[in-house]
Amino acid sequence: MSELGLCSRREADEWIARGWVRVDGQVISELGSKVTPNQRVTVERQAAAEQSKRVTVLINKPMAYVSGQAEDGYTPAIALIKAETRWAEDKLPEQFHPTQLRSLVAAGRLDIDSVGLLVLTQDGRIAKQLIGQDSEIEKEYLVRVQYSKPGRLPDADLKRLCHGLWLDGKALLPARVRWQNDDQLCFVLREGKKRQIRRMCEAVGLRVIGLKRVRIGRILLGNLPTGQWRYLGPDEQF
């Protein structure tokens, strides 16, 4: 079911337990049941109705907030999601309710000392699309840097940032890196290893002064103010 894009694995378990899943018309109640390629999997309407209630939130994360669970005394970004911090220009009719915070998880990391676009979702399909093993969704960052040597970063090292660096014993996927202005680079990545951009910069003698994520797939941070959030619209796709 997850591979078909119907739902996440956790959602599939929940739907099966509720008797909402059929194979060739027969209700399946046992988790982990085998299905052959020529069998037909269907789900009850209740599953789609339940899924449609799940929200996805875009937040402009400030410094000093962690993406996921609270750690080392730092506040998680989910603490910023409340009625009074919703962006005034969010025109969706969706009304905020604290129950929307249940099972709302960060779909991807943004370091405590980084800012910008962070996605939190209750929808397992979106989480899989953004952070699943096969995800190829681009993420774009503006990175202010300082070179540790006299002069300017050589073109050869800029090319290494694009392709040729290794982290944790593995070659990094090709990236797009270009100068935005004299002290700021634009990175476009299709992967997200822990502190990847900072470690990439260190490898070529650059120190990161500031890092901001401005795009995930087709979704832009845009004018969303720092510390505020909005809903992902039904017509928006990553």
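In table form, for the structure just shown:
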{"read-out": "Rg [Å, one decimal], Dmax [Å, integer] - the range 50-105, C-alpha atoms", "value": "12.3, 37"}
{"read-out": "Debye intensity ratio in log₁₀ form over the Cα atoms of the range 152-236, taken at each q of 0.26 Å⁻¹", "value": "-1.44"}
{"read-out": "Backbone HN-Hα couplings from phi across the range 134-143 [Karplus 6.51/-1.76/1.60, Hz, Gly and Pro as x]", "value": "9, 5, 10, 5, 6, 10, 10, 10, 9, 10"}
{"read-out": "Protein accessible area in the range 143-238, 1.4 Å probe - carbon and sulfur %", "value": "48 percent"}
{"read-out": "Separation of alpha-carbon centers, the range 187-201 and the range 26-89, rounded to whole Å", "value": "25 Å"}
{"read-out": "Global form of the range 1-68, assessed from the alpha-carbon gyration tensor, a/c cut-off 1.5", "value": "prolate"}
{"read-out": "Solvent exposure of the chain as accessible area per residue, Å², 1.4 Å probe", "value": "59 Å²"}
{"read-out": "Residue-by-residue Karplus 3J(HN,Hα) for the range 56-65, coefficients 6.51, -1.76, 1.60, Hz, glycine and proline x", "value": "10, 10, 10, 10, 8, 6, x, 4, 6, 10"}
{"read-out": "Reachable lysines from Lys149, criterion Cα separation under 22 angstrom, eight or more residues apart if same chain", "value": "Lys159"}
{"read-out": "DSSP loop trypsin sites (Lys or Arg not before Pro) with at most 12 other Cβ within 10 Å excluded, longest remaining stretch of the chain", "value": "103-151"}
{"read-out": "Residue-span extension gain [Arg102 to Arg54] - 0.36 nm each, minus C-alpha spacing", "value": "16.3 nm"}
{"read-out": "Efficiency of FRET from Cβ geometry, Tyr74 and Trp166, R₀ 30 Å, rounded to 0.05", "value": "0.50"}
{"read-out": "Point-to-point label distance, Lys91-Glu136, nm (Cα→Cβ direction, 7 Å offset)", "value": "3.4 nm"}
{"read-out": "Protein accessible area in the range 38-90, 1.4 Å probe - carbon and sulfur %", "value": "47 percent"}
{"read-out": "Top of Val214, Val55, Val43 by mean-square fluctuation, Gaussian network on the chain, Cα under 10 Å", "value": "Val43"}
{"read-out": "Residues Lys193 and Lys34, FRET efficiency given R0 of 45 Å [Cβ-Cβ distance, rounded to 0.05]", "value": "0.85"}
{"read-out": "Residue of Val41, Val119, Val143 that the Gaussian network model of the chain assigns the largest fluctuation, springs spanning Cα pairs under 10 Å", "value": "Val41"}
{"read-out": "Among Asp113, Asp123, Asp134, residue whose mean-square fluctuation peaks in a GNM of the chain (springs only between Cα atoms under 10 Å)", "value": "Asp134"}
{"read-out": "Overall Cα dimensions of the range 70-213 - principal axes, largest extent first, Å", "value": "53, 33, 31"}
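The values are calculated or read from the model by the stated rules, or taken from the named source; none is laboratory data. Just so we're clear, the structure is a prediction, and the values are computed from it rather than from any experiment. Neighbour counts are summed over all protein chains in view; Cβ atoms, including those assigned to glycine, are modelled from backbone coordinates with ideal geometry. To get the accessible areas, we keep the full protein, side chains included, count just its heavy atoms, and leave off ligands, DNA and RNA. Shrake-Rupley method; radii C 1.70, N 1.55, O 1.52, S 1.80 Å.
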